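K.L.:
Take this structure, written in structure tokens, and hold onto it; I'll ask about it next.
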Amino acid sequence: MRVIVVGAGQVGHTVVKSLAETHDCTVIDVDRARLDALSHAYDVRVTHGSGTRRETLLRAGVADAELVLACTSRDEVNLVTAMLARRLSSARTAVRATGTDYLAAWHAGDLDVDLLVSTAHETAQAVARVLEVPGARHVDFFADGKVAVIGVHVPGTDPPPFAGRPLGEADLPEASRVVAVVRDGAVVGSPATESVRPGDLVVVMASPAGARAWSRMVSGAGPVRDVALFGAGRAGTAIARVLLDKGIGVRLIEHDAARAQAAAAALDRARVYHASGLDPEFLRRERIGAAGAAVLAGGDDSRNLHAAVLAKVHGVGMTLTVLDDPAAAEVFEAAGVDVTIDPGDETAEKMARFTFDRRTRQLAMLEDDRFEVLDITVRPDSRFAHRPVDTLPGAGVGALVRDGEVVFPEGGDPLLPGDRVIVLTEPEHVLALERDL
């Protein structure tokens with residue numbers, strides 16, 4: 001597919017990383033240094049200029065493009081780019097919006113773009129998913145919420161009962177299937193025969209109840225019901241709204257007086273404090289340590305790291321940080337922060353979905369985009385129809401949706417035409433997988 005990516009920043013870079021190996025990509029940006037970095041790292045063409053200019057899009061080959069992804073950090077630039085691309089080509093268009101202001105207009109059909117992805121909204125949804133299954137480092141829901149895809153890291157201290165033995169011999173939660181054990185970035189052995197070690201990532205597909213059972217087995221924790229949320233900016237406000245709508249109590253802490261006042265006016269169900277998350281006396285007085293989790297969304301990684309460590313010191317069992325710089329993830333993890341969320345990854349994941357076969361209903365990326373989870377329907381003439389699920393090469397089948405019901409198959413169970421297969425694979429196998437199924 002011929003794809004034009006407008007914007008070579010954090011989101012654009014993640015999109016290109018996902019697509020460059022399998023698609024013909026051209027990247028547009030006003031920053032030559034960003035373009036040079038991308039062209040050196042990936043096999044892509046680059047065009048210097050603004051996506052809002054007709055001549056720039058034409059030089060980039062928009063007339064022959066099949067998809068235009070507008071993902072700069074400026075919402076209006078992205079919308080103008082997409083609308084101009086509509087006039088110059090028959091390409092589908094996907095637009096990144098940093099906040100949530102344009103979502104209602106897009107859902108109402110008032111914006112002529114095929115897809116609008118709100119970074120703030122996708123980040124908020126990612127936070128909510130992790131809080132529902134707090135023992136997992138990664139959580140996604142497929143098949144209208146009927147299938148949870150979770151990534152569970154095996155701790156070195158107080159390991160779960162399945163550690164140190166083949167998973168085929170372990171007493172694992174019902175309505176679940178292990179699809180991979182990942183060690184040092186690579187899938188190792190068969191999940192049924194591989195002995196799990198501390199530091200491994202176990203990728204599981206399960207019913208929501210099964211995912212919560214895995215969470216309790218790994219961490220002893222159930223879904224979080226109250227949160228201390230630090231930061232009332234664009235991301236923090238979106239997170240608060242999503243959590244409140246899910247019935248999760250929110251205490252929102254914001255050090256800027258104007259932001260705190262605006263959040264209090266907009267979020268009548270939240271308790272909003274004009275205070276610093278770095279003030280130990282405030283944390284003690286308001287018993288912040290009693291919260292089920294602390295979510296750090298202040299937009300400043302150094303302040304977030306400080307606040308996360310303080311929250312742990314004061315008794316919060318789980319800390320989750322929304323990253324400003326994705327490169328800071330290793331620092332947060334080394335400091336004991338339980339989960340980091342990269343807003344760029346969450347946005348790019350939704351935008352990259354548009355490059356897949358229309359039978360692929362959903363996409364998720366795991367482990368720094370080294371693995372992908374697809375929800376893809378089996379064609380009647382697929383060469384794997386009626387063959388066992390474990391014969392699908394380069395892929396781990398975790399769940400099937402058959403006649404509206406979810407099945408967590410055994411390895412010998414057959415794939416049937418019309419089945420929706422929820423499968424883990426590596427990016428280099430995606431095109432072959434779509435072709436084979």
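Computed from the coordinates by the stated procedures, all read-outs in this text should not be read as laboratory data. It should be emphasised that the depicted structure is a prediction, and the values quoted were computed from it without experimental measurement. Cβ placement follows ideal geometry from the backbone for every residue including glycine, while neighbour counts extend to all protein chains displayed.
K.L.:
May I ask you to derive the FRET efficiency for Asp245 and Ala334 from their Cβ-Cβ distance with R0 = 35 Å, giving the value to the nearest 0.05? Walk me through the numbers on the way to the answer.
P.N.:
Working: r = 34 Å, r/R0 = 0.96.
After rounding, the FRET efficiency stands at 0.55.
K.L.:
Follow-up question, since we're still on this one. Dipole magnitude of segment 348-436 about its Cα centre, charges +1 at Lys/Arg Cβ and -1 at Asp/Glu Cβ only, in debye to the nearest 20?
P.N.:
Roughly 400 debye, rounded to the nearest 20.
K.L.:
Report the one residue of Ala262, Ala238, Ala329 whose Cα lies farthest in the direction of the positive end of the charge dipole of segment 223-346 (charges on C-beta: Lys and Arg +1, Asp and Glu -1; origin at the Cα centre).
P.N.:
Ala262
K.L.:
Residue farthest toward the positive end of the dipole of the chain, with Cβ of Lys/Arg at +1 and Asp/Glu at -1: which of Val181, Leu79, Phe384?
P.N.:
After comparing all options, I get Leu79.
K.L.:
Under the 0.36 nm per residue contour assumption, what length would be gained going from the current alpha-carbon distance of Asp390 and Asp325 to full extension?
P.N.:
Numbers: separation 65, 0.36 × 65 = 23.40 nm, distance 3.88 nm.
Gain in length upon complete extension: 19.5 nm.
K.L.:
With +1 on the Cβ of every Lys and Arg and -1 on the Cβ of every Asp and Glu, and nothing else charged, how large is the dipole of the chain about its Cα centre, in debye rounded to the nearest 20?
P.N.:
Taking the Cα centre of the chain as origin, the dipole is about 760 debye.
K.L.:
Any idea how far apart Asp184 and Ala63 come out in nm if each label point goes 7 Å out from Cα toward Cβ?
P.N.:
5.2 nm
K.L.:
Cut-off under 24 Å on the C-alpha distance; same-chain residues fewer than 8 positions from Lys246 excluded. Which lysines are left, in chain and number order?
P.N.:
Once the sequence-local lysines are set aside, what remains near Lys246 is Lys146, Lys350.
K.L.:
Run the numbers for Ala192 and Ser50: contour at 0.36 nm per residue of separation, minus the present Cα-Cα distance, in nm.
P.N.:
Between Ala192 and Ser50, full extension yields 45.9 nm more.
K.L.:
Please state the relative contact order of segment 310-437 as a whole percent: Cα pairs under 8 Å, 6+ residues apart?
P.N.:
Relative contact order, segment 310-437: 21 percent.
K.L.:
Can you give the charge dipole size of segment 223-346 about its Cα centre, rounded to the nearest 20 debye, using +1 on the beta carbon of Lys and Arg and -1 on the beta carbon of Asp and Glu?
P.N.:
It works out to roughly 720 debye.
K.L.:
Does the chain classify as rounded, prolate or oblate by the C-alpha gyration tensor (a ≥ b ≥ c root eigenvalues; a/c under 1.5 gives rounded; else a/b over b/c gives prolate, otherwise oblate)?
P.N.:
Oblate.
K.L.:
Also, I was wondering about something else. Based on DSSP H runs of at least 4 residues, each adding -39500 (n - 2.57), what is the mean residue ellipticity at 222 nm of the chain after dividing by all its residues, to the nearest 500 deg cm²/dmol?
P.N.:
Computed ellipticity for the chain at 222 nm equals -9000 deg cm²/dmol.
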